[in-house]
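Read-outs throughout are calculated quantities, based only on the coordinates presented, and are distinct from any laboratory measurement. These figures come from a predicted structure and were not determined experimentally. Here the Cβ positions follow ideal geometry from the backbone for every residue, glycine too, while neighbour counts run over all protein chains shown.
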Amino acid sequence: MNIVVSLLKKTSLYNKIYHPYRVRQEQIRFQKRIQNFEKGGLILLEKFAAIMDNKGIPYWLEFGSLLGAFRDNAFIKNDFDIDVGVQLSDASQIYKLLIDNGFELVREFHVRGEIGLEQTYLYSGTTIDLFDFFPDGNAIKCNGFYNAQSKQIGKYFDICVSEFIFEPFGLMKMAFLGLSIKVPS
């Protein structure tokens, strides 16, 4: 099969028609995700925060969402999802709460057996990525991508995983787009 694909990629039909078509379709999908986020991102964050706050479950903005909150007091331009940190020990309770409140689990990554790396949920036409943080000695760790078996609902594949190590931190509330959202202090 790979030989056939290699040969097709050398044809003018592929280079003039198929490849540009695929690139354009990917651009359209990306723009649609951005548009969905612009319409539903704040709705998703408000719903997520209300669920977590109602049950007393710690969460905080993380990665690009945290950067946008502090730097711009807004979502980063052309972003298409929300990044949130949660405690690994709360993962099963969070899953049940989100599913019960209309969120759909669309992707899940695992590292070290059952330790969660990331879960992506869909709500209001956009996605939120939950990164599981866990204590390890005097540090708090979270995984990103680099060479580990991962699971996307129903599919297994290799992915890169990195480990992020943080000093322990507390949480504080921050005004963000009319909401009171938790961030690392």
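Annotations for the structure displayed:
- Global form of the range 42-95, assessed from the alpha-carbon gyration tensor, a/c cut-off 1.5: prolate
- Extension gain for F30-L177 works out to 50.5 nm (0.36 nm per residue, less the C-alpha to C-alpha distance).
- Model label points for I43 and F166, set 7 angstrom from Cα along the Cα-to-Cβ axis, are 2.9 nm apart.
- A convex hull fitted to the Cα coordinates of the range 48-140 yields 114 cubic angstrom per residue.
- Aspartates and glutamates whose Cα lies under 17 Å from that of K16, excluding same-chain neighbours fewer than 8 positions away: E26
- Among the listed pairs K55/K77; K39/K77; K96/K173, those beyond 20 Å (Cα-Cα): K55/K77; K96/K173
- Dipole magnitude (debye, nearest 20) for the range 36-107, charges at Cβ of Lys, Arg, Asp, Glu: 40 debye
- Distance in nm between pseudo-label sites at I57 and F70 (7 Å out along the Cβ direction from Cα): 2.5 nm
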